[in-house]
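For reference, the structure I am asking about is given below.
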């Protein structure tokens, strides 16, 4: 059984797209649709997760992801703890598990974890108390499932039918947890044509076999007739690693310009997980252009995270209740007299 | 030992009930000197009823719809409703007379949730509760102003509006709540 699911097949942890069904991913997207309109309310929050406590455990720095997780939790009326692990007890020598035990002792219900090491969120989920859900907010090069789901949500808003789409993912696929999760989500949702495009040094050697994608080393070829062009962030530290000669050359070969974008379908959308490097992987005129949905991704990220968090916190409730409670026995005969007679 | 569900009220009887409700509504807001009301239906059955009433009353503004999944009081018992539809209030209820429409009024908990949700959008001038069926069994101090049909059902029985076309009321003998 998938360790992310409870006995009823409901989401208990959200660690990776791998092993999740199309039905469950679609449920997440549909639930997120409901949360989008919460932002239209004068009071931009719902009372759903009142009394729940969410701890953001960011072992790796992040602004956008942490902020949108925090906003998502607050718009669900949960209480949020932001732990800056770098300056907290772990820096004083406390082990990770001791930190977790302390947070559990404070009755936290959910850990949102980002870590530079692949597998960190799985490790924490495996060691967390049964009443705690773990959401992976990015672990090493492994997975970033909520980013993938907000990307799927943004795509579906523009292109409602996944099956016929051609999606081109451009850039540093080798080091990208976003790419790995996005490819998995696209394939689970039935997208037939997924392409990865980048320099040979930044694409996995066996991408075609291992990931089931088409591989292109030339942007102009790979982008042709694409419905979705997803740019990946070029991490500056890759320059030191000898993967690339220079940012300037990278932009010349793999930067998304208006000219290159014209090779994609005329109604193609341009996506980027952020933060963008203008003039490195994407030209400003494209990033700010009519086909760009980059800021929509940020907005929808909150609704998608609200969906995932409330589904996992709700499944907890069902676990707590599965023993059978007085509530379930209600509706017997004791208070039937309250009902008006016919 | 579930018996087959039997239609309790068929489509033509329901149309008749809704026409009566529409004329009651006209009298209700004309008698009180209210401005044109804003109609809001609760998903799913309440929206179907509201669509019919909205057409019968020829209300000029679009119908609002609420899915109260995020305002329910049983999240801590049963978790999130597996099917959530987006709520949509195309016209703000701020300062307006709102006609809140549901199909079956039972415990009153759904209406409590809907009221909280409406007030998170804006502050209406008033809310009038319109229910196609009042089946009794209230657990909260909530009463409808306009009701199409009344029936007193034992707790273990379940009444459901099926639709959207045709609309039929069905009573299930022993479906748990």
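No value in this document is a laboratory result; all are computed from the given coordinates. Remember, it's a predicted structure, so these values are computed and weren't measured experimentally. Positions of Cβ are generated from backbone atoms using ideal geometry, with glycine treated the same way; all protein chains shown enter the neighbour counts.
Would you mind putting A:251-263, A:271-283, A:137-149 in packing order, based on average other-beta-carbon counts within 10 Å, highest first? Let's see the in-between values first.
Values: A:251-263: 17.0, A:271-283: 19.9, A:137-149: 24.6.
Highest mean packing first, the order is A:137-149, A:271-283, A:251-263.
Would you mind getting me the FRET efficiency between residue B:170 and residue B:30? Use the beta-carbon distance for r and R0 = 41 Å, nearest 0.05. Don't jump to the answer; show the numbers that get you there.
Values: r = 34 Å, r/R0 = 0.83.
The formula returns an efficiency of 0.75 here.
Taking the convex hull of the Cα atoms, report for region A:98-170 its projected area averaged over all directions, in nm². Display every interim value, and only then the final one.
Working: hull surface 26.7 nm².
About 6.7 nm², averaged over all directions.
What's the ranking of A:47-55, A:304-312 by average number of surrounding C-beta atoms within 10 Å, highest first? Don't skip to the answer; put the middle values down first.
Numbers: A:47-55: 20.3, A:304-312: 27.1.
Final packing ranking: A:304-312, A:47-55.
Counting helices only, and only those DSSP H runs with n ≥ 4, report the 222 nm mean residue ellipticity of the protein assembly as shown as the sum of -39,500 (n - 2.57) divided by its residues, in deg cm²/dmol to the nearest 500. Walk me through the intermediate numbers first.
Details: 18 runs with 183 residues, N = 519.
Calculated mean residue ellipticity at 222 nm is -10500 deg cm²/dmol.
Name the most mobile residue of A:125, A:206, A:268, meaning the one with the largest mean-square fluctuation, in a Gaussian network model of chain A with Cα contacts below 10 Å.
A:206
Using a basic spin-label model with each label point 7 Å from the Cα along Cα→Cβ, how many nm lie between residue B:94 and residue A:285?
4.1 nm
Right, another one. Among B:50, B:69, B:122, whose mean-square fluctuation peaks in a Gaussian network model of chain B (Cα, cutoff 10 Å)?
Maximum fluctuation in the GNM of chain B, among the listed residues, is at B:122.
Just want to confirm a number: the relative contact order over chain B, from Cα pairs under 8 angstrom separated by 6+ residues, in percent. Display every interim value, and only then the final one.
On the way: 341 pairs, mean separation 47.2, N = 177.
For chain B, the relative contact order is 27 percent.
Write down the Kirkwood hydrodynamic radius of region A:1-60, to one decimal in angstroms, obtained as one divided by the mean of 1/r over all alpha carbon pairs. Working shown, then result.
Numbers: mean 1/r = 0.0707 Å⁻¹.
About 14.1 Å, per the Kirkwood formula over Cα pairs.
Here is a follow-up. Roughly how many whole Å is it from the C-alpha centroid of region A:108-126 to that of region B:54-118?
After rounding, the separation between the Cα centres reads 37 Å.
Sticking with this one: What ranking do A:166-178, A:100-112 get when scored by the average of other Cβ atoms within 10 Å per residue, highest first? Spell out each step's value before the answer.
Values: A:166-178: 24.2, A:100-112: 18.7.
Result, highest mean Cβ count within 10 Å first: A:166-178, A:100-112.
Would you mind ranking B:119, A:58, A:243 so that the residue whose beta carbon has the fewest other beta carbons within 10 Å leads the list?
Values: B:119 15, A:58 21, A:243 18.
In increasing order of surrounding Cβ atoms, one gets B:119, A:243, A:58.
Pick from B:111, B:49, B:91: which is most flexible by mean-square fluctuation in a GNM of chain B where alpha carbon atoms under 10 Å apart are linked?
Between B:111, B:49, B:91, it is B:91 that shows the largest mean-square fluctuation.
With the contact rule set at Cα under 8 Å and sequence spacing of 6 or more, what percent relative contact order holds for region A:105-177? Working shown, then result.
Working: 77 pairs, mean separation 20.7, N = 73.
For region A:105-177, the relative contact order is 28 percent.
Relative contact order, percent, of region A:1-139 when contacts are C-alpha pairs under 8 Å separated by at least 6 residues?
Details: 183 pairs, mean separation 35.6, N = 139.
This gives 26 percent for region A:1-139.
Considering the Cα positions of the protein assembly as shown, please state its Rg to one decimal place and its Dmax as a whole number of Å.
For the protein assembly as shown, the Cα-based Rg and Dmax read 26.4, 85 Å.
Take the Cα of residue A:67, step 7 Å along the line toward its Cβ, and report every residue of region A:124-162 whose backbone nitrogen sits under 19 Å from that point.
A:137-138, A:146-148, A:150-151
Round to the nearest 0.05 the FRET efficiency obtained for residue A:236 and residue A:43 when R0 = 51 Å and r is the Cβ-Cβ distance. Before the final figure, lay out the partial values.
Working: r = 41 Å, r/R0 = 0.81.
Computed FRET efficiency for residue A:236 and residue A:43 comes out at 0.80.
Shifting gears a bit: Expressed as a whole number of Å, what is the distance separating the alpha-carbon centroids of region A:1-34 and region A:128-145?
Cα centroid of region A:128-145 versus Cα centroid of region A:1-34: 13 Å apart.
Express the C-alpha Rg of region A:6-109 as a ratio against the empirical globular expectation 2.2 N^0.38 Å, rounded to two decimals. Don't skip to the answer; put the middle values down first.
Working: Rg = 16.0 Å, N = 104, 2.2 N^0.38 = 12.8 Å.
Against the compact-globule rule of thumb, the ratio is 1.25.
How crowded by other chains is B:115-123, given as the mean number of beta carbons from other chains within 10 Å of each beta carbon? If you can, show how the numbers build up before the last one.
On the way: counts 0, 3, 5, 1, 3, 8, 5, 3, 1.
For this peptide, the per-residue mean of nearby foreign Cβ atoms is 3.
What's the angle, to the nearest 10 degrees (0 to 90), between helix A:294-321's Cα axis and the longest principal axis of chain A?
Taking Cα atoms only, the helix is inclined about 30 degrees.
Taking each residue in A:30-42, count the Cβ atoms of any other chain within 10 Å of its Cβ, then average. What number comes out? The partial results should precede the final answer.
Values: counts 5, 8, 2, 4, 11, 5, 2, 10, 5, 0, 7, 8, 8.
Taking the mean over all residues of the peptide, I get 6.
Relative to the longest principal Cα axis of chain A, at what angle does helix A:96-105 sit, 0 to 90 degrees, rounded to 10?
40 degrees
Using a/c under 1.5 as the rounded threshold, could you call region A:97-253 rounded, prolate or oblate? The axes a ≥ b ≥ c are square roots of the C-alpha gyration tensor eigenvalues, and prolate needs a/b larger than b/c, oblate otherwise. List each step's numbers first, then the result.
Values: a/c = 2.70, a/b = 1.58, b/c = 1.71.
Oblate is the answer for region A:97-253, as a/c is 1.5 or above yet b/c matches or exceeds a/b.
Helix A:64-75 sits at what angle to the longest principal axis of chain A, using alpha carbons and giving 0 to 90 degrees rounded to 10?
Taking Cα atoms only, the helix is inclined about 30 degrees.
Just tell me how shielded A:138-144 is by partners: mean number of partner chain Cβ atoms within 10 Å of each residue's Cβ, no decimals. List each step's numbers first, then the result.
Details: counts 0, 0, 0, 0, 0, 0, 0.
Per residue, the number of nearby Cβ atoms from other chains is 0 on average.
If R0 is 56 Å, what FRET efficiency do you get for residue A:7 and residue B:125 from their C-beta distance, rounded to 0.05?
On the way: r = 49 Å, r/R0 = 0.87.
So the FRET efficiency works out to roughly 0.70.
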